[in-house]
Amino acid sequence: MKKMENYLVIFILTWAFVHNLSAQVKRPIELYDLVLLFAPDSSTGSPLVDWKRGAEAASPVKWSSTLKKTGKETFTKEGNVKVLINKKVVSCGGGGGEGVCEWYIILDGPGKGYRIFTIGADNFHIDKDENVLNTLFRKNRMIVTLLKRDTESILFWNYRYKVHLPGKLPLWMKIEYENQTATAGQAEASDFTDLFSITFYTDEKDLNKLQPDY
């Protein structure tokens with residue numbers, strides 16, 4: 001009887017360990033689905049999204065910080081996430097060679113909720129002259145309107161769009177690239193993106209501001 005109790009205890013402890021470990025391992029999520037997760041629902045009618053969004057155990061995001069105060073009325077929250085693009089894990093390349101991209105997500109906003117979220121990765125390969133939207137969001141139910149394209153520089157470029165997603169309030173999206181090499185010639189030779197990010201704004205007035213007014 002005692003031996004049976006010991007086996008039962010071992011079984012329970014093993015199950016708890018495996019269950020806890022599996023809860024910590026975050027599954028990859030399609031980029032489009034990640035945007036859907038953090039976009040404001042149309043049913044709320046509010047551009048502010050609760051800071052608890054994506055905090056549940058099943059969330060694909062591993063949060064590296066709790067809510068941080070960055071100003072008098074501004075807050076931020078950061079995490080890491082495994083991203084799929086068109087159902088594939090993509091590679092990023094830097095001075096150390098190719099490797100799986102390490103994606104991050106950052107939420108920004110006032111105390112009542114975030115209204116800006118950024119998804120990005122360092123050294124993600126993408127060319128300003130290719131179909132950027134098709135590369136990132138192929139075959140997805142995203143209706144976009146191009147608002148502005150600034151692609152004259154090889155060191156820095158961005159696209160700005162208005163975005164409509166099913167069941168969500170409108171978003172304003174900025175896809176941005178910055179190569180931190182010293183010259184355009186070095187940028188051509190490097191063949192990789194230094195900084196790449198996609199920022200979504202739930203309020204249009206924040207799109208063109210360096211520092212949103214919360």
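The values are calculated or read from the model by the stated rules, or taken from the named source; none is laboratory data. Because the structure is a prediction, the values reported are computed rather than measured. Cβ placement follows ideal geometry from the backbone for every residue including glycine, while neighbour counts extend to all protein chains displayed. Protein only, heavy atoms only, side chains kept; ligands, DNA and RNA dropped before computing areas. Shrake-Rupley method; radii C 1.70, N 1.55, O 1.52, S 1.80 Å.
Rundown of residues vs (1) under 17 Å from the mean Cα position of the chain (by Cα); (2) not aromatic (Phe, Trp, Tyr), yes/no style:
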{"residue": "137", "(1), (2)": "yes, no"}
{"residue": "146", "(1), (2)": "no, yes"}
{"residue": "152", "(1), (2)": "no, yes"}
{"residue": "158", "(1), (2)": "yes, yes"}
{"residue": "163", "(1), (2)": "yes, yes"}
{"residue": "166", "(1), (2)": "no, yes"}
{"residue": "170", "(1), (2)": "no, yes"}
{"residue": "173", "(1), (2)": "yes, yes"}
{"residue": "176", "(1), (2)": "yes, yes"}
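What single numbered condition from (1) touching a Gly at 6+ places or on another chain (Cβ under 7 Å); (2) open to solvent by 50 Å² or more (accessible area, probe 1.4 Å); (3) over 22 Å from residue 124 (Cβ atoms) fails to hold for residue 41? The failed condition is (2). What number goes with the only condition from (1) within 18 Å of the chain's Cα centre (by Cα); (2) surrounded by fewer than 17 Cβ atoms within 10 Å (Cβ to Cβ); (3) at pLDDT below 95 that residue 182 does not pass? Condition (1) is where residue 182 drops out.
Scoring residue 77 on the criteria (1) of a type in the set (Lys, Arg); (2) at pLDDT below 95; (3) more than 30 Å from residue 152 (Cβ to Cβ) leaves a single failure, condition (2). Among the residues of the stretch 31-50, those that are part of a loop (DSSP other than H, G, I, E, B) and either within 13 Å of residue 105 (Cβ to Cβ) or of a type in the set (A, V, I, L, M) (or both) comprise 39, 48.
Restricting the stretch 159-179 to residues that are farther than 20 Å from residue 38 by Cβ and open to solvent by less than 30 Å² (accessible area, probe 1.4 Å), the residue that is modelled with the lowest pLDDT is 179. If you go through the stretch 51-91 and pick out every residue that is open to solvent by 40 Å² or more (accessible area, probe 1.4 Å), over 21 Å from residue 111 (Cα atoms) and out of contact with any strand residue (DSSP E or B) (no Cβ under 8 Å at 6 or more places or on another chain), you end up with 3. Would you call residue 48 under 27 Å from residue 80 (Cβ atoms), open to solvent by less than 50 Å² (accessible area, probe 1.4 Å), at pLDDT 50 or above and not β-branched (Val, Ile, Thr)? The answer is no for residue 48. Screening the stretch 92-143 for strands (runs of 3 or more DSSP E) wholly inside it with 1 or more residues that are of a type in the set (S, T, N, Q) and open to solvent by less than 40 Å² (accessible area, probe 1.4 Å) returns the ranges 116-122.
For the stretch 124-142, the condition holds for at least one residue, the condition being that it is farther than 20 Å from residue 33 by Cβ and in contact (Cβ under 8 Å) with a residue 60 or more places away in the chain.
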